[in-house]
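Okay, so here's the structure we're looking at.
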Amino acid sequence: MLDLGPPQQRTVLALLLVRAGRAAPISEFVEALWGDAPPQSARNLLHRCVGTLRRLFEPDLPARAPGRWLTPDGGGYRLTVDSTNLDLARFRELTRQARRTLPADQGSAASLFGEALDLWRGDCGTGVEWLGTSPPPFGTIDRERTAVAIEAAEAALSGANRRSSCRWSRRRPRTGSTRPSRHNRPAAAAARPTGPSDGPATTPFGHRRP
């Protein structure tokens, strides 16, 4: 397991992860880290966080080299991830597969939905310190999970598998659990290397299984 460093660095990684391979603009990082009172050195501090994360993912990266995984993109930054190293991407891939089997095969759909929900380790973003004035993006992903849990229950019921239905319906978040907070908002990430060339294994749901 990688040591992700101080709270600001973990927040930067969390935003990169919830973007799931899409670029996040610098303004979004600055707002998340300092709200409506960023210091004059905000951009430099952000670049420093990104540089440290880049070296965590690629320890042998030469100074000032662009890196393979965490790269500049359109005035922001992007972390190159997919369903092989990001649980959020895998969750969405399994959900798409499940929906494609409906309505022809409710049992297979319920199994795929269940496999997707098994990736979760609590609320998205647990442990992230969010100082932004706008709501953090983690609640949107929690609501995505809730919708999939409902679909899983409906598929299981339609497939005459009440036990599966109960199992996945219990995975719905508690009422109110996705409301944003400005302090100690759920942390999005735990990361560990999968090998010198495999890139970061990252998850917005908590620690990936060993």
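The values are calculated or read from the model by the stated rules, or taken from the named source; none is laboratory data. From a predicted model like this one, the values you see are computed outputs, not experimental measurements. With ideal geometry, Cβ positions are generated from the backbone for all residues, glycine too; neighbour counts draw on all protein chains shown. Only protein heavy atoms, including side chains, enter the accessible area calculation; ligands, DNA and RNA are left aside. Shrake-Rupley method; radii C 1.70, N 1.55, O 1.52, S 1.80 Å.
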Of all accessible heavy-atom area on segment 1-64, the percent that carbon and sulfur account for (1.4 Å): 50 percent
Quick check on packing: order 123-131, 107-115, 138-146, 70-78 by the mean number of other C-beta atoms within 10 Å, highest mean leading. 123-131, 107-115, 138-146, 70-78
Apply the a/c threshold of 1.5 to the C-alpha gyration tensor of segment 1-144 and tell me whether it is rounded, prolate or oblate. prolate
Beyond 12 Å, how much of the Cα-Cα pair distribution for segment 60-118 remains, as a whole percent? 72 percent
Taking the convex hull of the alpha-carbon atoms of segment 1-50 and averaging its shadow over every direction gives an area in square nanometres of 3.7 nm²
Average projected area of the Cα convex hull of segment 1-86, in nm²? 5.8 nm²
Distance between the C-alpha centers of segment 64-89 and segment 97-112? Whole Å please. 31 Å
Among 82-91, 56-65, how do they line up by average Cβ neighbours within 10 Å per residue, starting with the highest? 82-91, 56-65
